[in-house]
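Working notes, structure below.
The values are calculated or read from the model by the stated rules, or taken from the named source; none is laboratory data. Quick caveat, the model's predicted, so the values are computed rather than measured. In this analysis, Cβ positions are derived from the backbone assuming ideal geometry, glycine residues included, and neighbour counts consider all displayed protein chains. Only protein heavy atoms, including side chains, enter the accessible area calculation; ligands, DNA and RNA are left aside. Shrake-Rupley method; radii C 1.70, N 1.55, O 1.52, S 1.80 Å.
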Amino acid sequence: MVLKVLAILLSYTIGNFSTSIIVSKLWAGIDIRKYGSGNAGATNVLRTLGMKAGLVTFIGDALKAILAVWIGSRLGGEGTALICGIAVVIGHNWPIFLGFKGGKGIASSIGVGLFVNPIVAIICIIVGVLIVAKTKYVSLGSVVAISLLPVLLLFSGFKFFLFGLVLALMAIYRHKENISRLLKGTESKLGQKSRTK
């Protein structure tokens, strides 16, 4: 039990390490939270510093999530791994070391998903990429892709469905302002500067 609790706490702590802040500091000597949308995530880095910086941030966020789930699997098994996957995304979205102001959890959720069920995660990624390519709305592709996760994981069992549902609900909540702008037709498209600060 002690090892399981340790794994969960460690996963949350790992989530606190903001790849976007690290990359923006090293890449351009800036704090990404003071630019663009003000969000500490890969999309804001992409819009502000370009494709390479955005990709590095995305990969970093995904890798830290994979690490957390791997730790959970080693210290507590499958069930702990799933909880650690949720914990690392919570740490990314609401990091205690950054005043609970983090990213929106898509890259981290993808990393978690790739470890838990690579096939389902890849399907979600493909769907998301196709939507972004068609509409140029990163937020729309992200929300649809993450919403598909629990549906597909239902075939793996109820606990996997619940795991996917929690990740999806967190991501949708973090994207609530994007969803509002999508409905109003004011959401920024890929290639445009963010309209929010």
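Below is a table of values for the structure above.
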{"quantity": "Answer residue from region 20-36, given it is touching a residue at least 24 places away in the same chain (Cβ under 8 Å) and within 17 Å of residue 107 (Cα to Cα) and is surrounded by the most Cβ atoms within 10 Å (Cβ to Cβ) among those", "calculated": "20"}
{"quantity": "Checklist (1) open to solvent by less than 10 Å² (accessible area, probe 1.4 Å); (2) under 12 Å from the mean Cα position of the chain (by Cα); (3) closer than 12 Å to residue 19 by Cβ; (4) not β-branched (Val, Ile, Thr) applied to residue 105, failing item", "calculated": "(3)"}
{"quantity": "Where a residue in region 1-14 is farther than 19 Å from residue 99 by Cβ and of a type in the set (S, T, N, Q) and its partner, wherever it lies, is at pLDDT 95 or above and part of a helix (DSSP H, G or I), with Cβ under 6 Å and at least six apart", "calculated": "11/68; 11/84; 11/87; 11/88"}
{"quantity": "Residue in region 133-181 that is surrounded by the most Cβ atoms within 10 Å (Cβ to Cβ), counting only those that are aromatic (Phe, Trp, Tyr) and without any contact (Cβ under 8 Å) to a residue 24 or more places away in the chain", "calculated": "161"}
{"quantity": "Residue identified as within 25 Å of residue 136 (Cα to Cα) and either out of contact with any Leu (no Cβ under 9 Å at 6 or more places or on another chain) or among the polar types (S, T, N, Q) (or both) among 60, 79", "calculated": "60"}
{"quantity": "Helices (runs of 4 or more DSSP H) enclosed by region 15-128 - at least 1 residues per element that are more than 23 Å from residue 188 (Cα to Cα)", "calculated": "19-28, 51-76, 78-93, 106-116"}
{"quantity": "Filtered residue count, region 115-124, keeping only those that are in contact (Cβ under 8 Å) with a residue 12 or more places away in the chain and open to solvent by 60 Å² or more (accessible area, probe 1.4 Å)", "calculated": "2"}
